[in-house]
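As structure tokens, the structure follows; a few thoughts come after it.
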Amino acid sequence: MNSRKLFIREDAIIQGFVIAGTNSGCGKTTVTLGILSYLIRQKKLNVVSFKVGPDFIDPGHHRSITHKKTYNLDGWMLSKTTNQQIFMHGCANADIAVVEGVMGLYDGYDGKTDAGSTAEIAKWLSLPVILVVNAQSMARSAAALVQGFENFDPDIRFAGVIFNNIGSPRHLIYLQQAMKHHVSIPCLGGLPRTLNIELPHRHLGLITTEDHPLSQNYIDRLASLIDEHIDMDELLRSEQFPVKVYSTHKNDSIPDHQVRIAVARDQAFCFYYEDNLDLLRKAGAELVFFSPLHDKVLPENIHGIYLGGGYPELHAKILSENSNIRKAIQHHSKTNLPIYAECGGFMYLCKELHDINGNIWPMCNCFPWGTRMLDKLASLGYRHVTLIQDTVWGKIGDTARGHEFHYSTIEREVHSVSTTYQVQKRTQQEFQPEGFYINQTLGSYIHLHFASLPMMASHFVATCLNYKRILCNDESTRN
């Protein structure tokens, strides 16, 4: 069976495949990390990785193994062409590309189409799929499950099946026997369930690599387990058939820096789409990273601040005690420095944070209300945003797409802070107000993907540049 997909670029030919699951929690992230480790350590290949969907945590674990940027692909937030461009850009100089899927292979935006699904991305990129199946408490029935996945969409091509949570060598034999007689997809092997290699979880999913770095022993063990239990040679020796995909990133040169944007990045703020950062750089921004947890001062000569999401609630005490940074951000907000904050970053900009234990921690007080942690999910899903007034990243009428996922809520009374977003949720037709704006500080629970609105990054840089010019004029007048 053909299981190897080749991409002909202007300068190389590379292999690629998608690692998908039958459902969330089947073990596809562990399998992905293991295969990445194996390809790099045992095969000595130059490997790049991607993640389907709006996830921030899995890409962090990918990076800890590949030591390269991991880009998100998403069929709902981004167009087919944009996804293909991101893929080709990320594949520069690579030998092989590994794409980790999201949820189950065919799960996406709704139940009617494959929009937003791993299957959609696999077809857009012409990549074969490795299907991960949790075989715990199943034997012959697993073949029926795989047969359904194999026949559900004739446009999906499969490179193989990997079973997870195998009870014994005999269990795997039963699965292989059933597959042989009822499914044409090859079985590449199975991982025993006694290995204890799952990553720890918490309320927003897996533990981040910033809080739980993968040890070298763990990474090496994953590679060895794939080598021992999965027939990677079967996958890698398969017949080759080329597919022409041309990069549209003809000019990746970075322009001269026009502005300096401070970007919060540490254990509390680590949720950023790599494309967002790349697009800011390409628009002329020099990104200078700082830690609201550990730094005592903001970077010098900045013209904007970008605060991504993360886990401020887990580090609220340290964030609160670092009053120098909090007061500096509040001062910059009052003096109209362009500031853009998402989810955890937005929580940090509020007056205070109420944690799950009832403690109240002072934050930056750019927005005159607090946020409160809940013991249940407050909001989850894709969001379509339309601007109802000009902001730091766009003009009235501009639209962008993003995702929302948080366990906190706003402790908000009637205030004079305006809302700039009309937000449409996936399952609702009516718009809801969001996107809080004061001075030139914009905060929202929504993580926007800058590539969903091509001019978003350049508009934010232009806003920062205008602030810089005003600042220079003021300083010139004073002198």
(request) Could you please let me know if Asp11 is over 16 Å from the mean Cα position of the chain (by Cα), modelled with pLDDT under 95 and either under 15 Å from Leu236 (Cα atoms) or acidic (Asp, Glu) (or both)? (result) yes
(message) All but one of (1) free of Cβ contacts under 8 Å to residues at least 24 places away in the same chain; (2) at positive phi; (3) outside any loop (DSSP other than H, G, I, E, B) hold for Gly381; state the number of the condition that does not hold.
(response) (1)
(request) Give me a count of the residues in segment 12-41 that are closer than 16 Å to Val52 by Cα and either among the charged types (D, E, K, R) or free of Cβ contacts under 8 Å to residues at least 40 places away in the same chain (or both). (result) 1
(request) Please tell me if Ser333 is surrounded by fewer than 17 Cβ atoms within 10 Å (Cβ to Cβ) and of a type outside the set (A, V, I, L, M, F, W, C). (result) no
(message) Whether any residue in segment 236-259 is closer than 30 Å to Lys327 by Cα and either at pLDDT 95 or above or touching a helix residue (DSSP H, G or I) at 6+ places or on another chain (Cβ under 6 Å) (or both) is what I want to check.
(response) yes
(request) All but one of (1) closer than 18 Å to Gly16 by Cβ; (2) in contact (Cβ under 8 Å) with a residue 40 or more places away in the chain hold for Lys68, so report the exception by its number. (result) (2)
(request) Looking only at segment 45-67, decide whether some residue is part of a loop (DSSP other than H, G, I, E, B), in the same structural domain as Ile207 (by TED's automatic domain parsing) and more than 17 Å from the chain's Cα centre (by Cα). (result) yes
(request) Tell me, yes or no, whether segment 24-40 has at least one residue that is charged (D, E, K, R) and modelled with pLDDT under 90. (result) no
(message) Can you tell me how many residues within segment 29-62 are farther than 21 Å from Gly381 by Cβ, crowded, with 23+ Cβ neighbours inside 10 Å and of a type in the set (D, E, K, R)?
(response) 0
(message) So the check is Cβ under 8 Å with 6+ separation or different chains; which pairs have a first residue in segment 361-376 that's outside any strand (DSSP E or B) and a second one that's among the aromatic types (Phe, Trp, Tyr)?
(response) Met363/Tyr348; Cys364/Tyr348; Leu374/Tyr407; Asp375/Tyr407; Lys376/Tyr407
(request) Please tell me if Ala316 is under 28 Å from Leu287 (Cβ atoms), assigned to a helix (DSSP H, G or I) and touching a strand residue (DSSP E or B) at 6+ places or on another chain (Cβ under 7 Å). (result) yes
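The values are calculated or read from the model by the stated rules, or taken from the named source; none is laboratory data. None of these values were measured; they are calculated from a predicted model. Virtual Cβ from ideal backbone geometry, glycine too; neighbours counted across all protein chains shown.
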